[in-house]
Amino acid sequence: MSVLTGKRSWLRTALASPAIGRLGVIAAGLLIWEGLARTVLDPEFVSPPTRILQALVTRTLADPTVLRAIGTTFWELLLAFALAVLAGTAVGVLVGAGERISRTAYPLVLMLYAVPQVTVLPLFVMFFGLGPASKVAFGFTHGIFPIMVNVIAGMRDVSPLFLRSARSMGASRMQVLRHVVLPHLVPSFFAGMRLSVAMTLLGVILAELYASIDGVGYFAHLYSESFDPAPLYALIVVLALMAVLLNELARRAELRFTWRRR
């Protein structure tokens, strides 16, 4: 009797787990998608998950050209994201450090952030060409703004009481920045970094879709024009895995450097 009670308790605990709930939602969505794709939806536009998985194994991962394109997109994403983090943090700290420069520069940052960047993609192609440089640059311009905006907002949210207390105890400007401002800035920084992952990936893929002869975006455009949905969806899965990987690394870094729990 105690064994059955223990098994039931374990089952209830497992079913109440958020991870089990998420897996259940995903499994239900895939089953519905499989059924609709095989019975109702047009196969020229939507492929069932089983066919997408088959295309991922037999075509996407088995084709050296596509594998090389995936590697190209991944290192373009990493480089653009790293540059966006470094530059966005530096500019955000510089703009948010002083009240006068913040009042002057922050509206300009918001104005540039509001500009639809796809409208200036031809300029990036003209300046950097069709190679990887234009993809890295375009991804960089997408990823830098979420970090800048969040860093500036985080610095402006530091309580003036903390700043006055540090100065009253003889702290220099650099000591105030290092020991008061930066620790309060960490949550905003990581929030901007996690947003930047998606935006950087968006910029890289947009550049590859419209102005590229290599990369995941180029093959996605090629498959869409030939009405070949299975490998197209497989490439979307690969892009999603890239974003999830970088986002998970950012989340773990956030847990390492902050007190907050996720």
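The values are calculated or read from the model by the stated rules, or taken from the named source; none is laboratory data. Predicted, not measured: the structure shown is a model, and the values here were computed from it. Positions of Cβ are generated from backbone atoms using ideal geometry, with glycine treated the same way; all protein chains shown enter the neighbour counts.
Observations on the model:
- When we screen S188, S212 for residues that are closer than 20 Å to F81 by Cα and modelled with pLDDT under 80, the only hit is S212.
- Some residue of the stretch 85-92 being among the hydroxyl-bearing types (S, T, Y) and at pLDDT 85 or above: yes
- Breaking point among (1) surrounded by 15 or more Cβ atoms within 10 Å (Cβ to Cβ); (2) more than 30 Å from L195 (Cα to Cα); (3) not assigned by TED's automatic domain parsing to the domain that holds L235, for R59: (3)
- Residue that is modelled with the highest pLDDT, among those in the stretch 221-262 that are part of a loop (DSSP other than H, G, I, E, B), exposed (fewer than 12 other Cβ atoms within 10 Å of the Cβ) and among the charged types (D, E, K, R): R260
- In the stretch 118-130, the count of residues that are aromatic (F, W, Y), touching a residue at least 60 places away in the same chain (Cβ under 8 Å) and assigned by TED's automatic domain parsing to the domain that holds A250 is one or more.
- Residue among R156, R68, R103 that alone is surrounded by fewer than 14 Cβ atoms within 10 Å (Cβ to Cβ), in contact with a Gly (Cβ under 9 Å, 6 or more places away or on another chain) and assigned by TED's automatic domain parsing to the domain that holds V237: R156
- Restricted to the stretch 106-138, and to residues there that are out of contact with any Phe, Trp or Tyr (no Cβ under 7 Å at 6 or more places or on another chain) and among the small types (G, A, S), the residue that is surrounded by the fewest Cβ atoms within 10 Å (Cβ to Cβ) is A114.
- Qualifying residue in the stretch 38-50 (condition: in a helix (DSSP H, G or I), of a type in the set (G, A, S) and more than 25 Å from the chain's Cα centre (by Cα)): no
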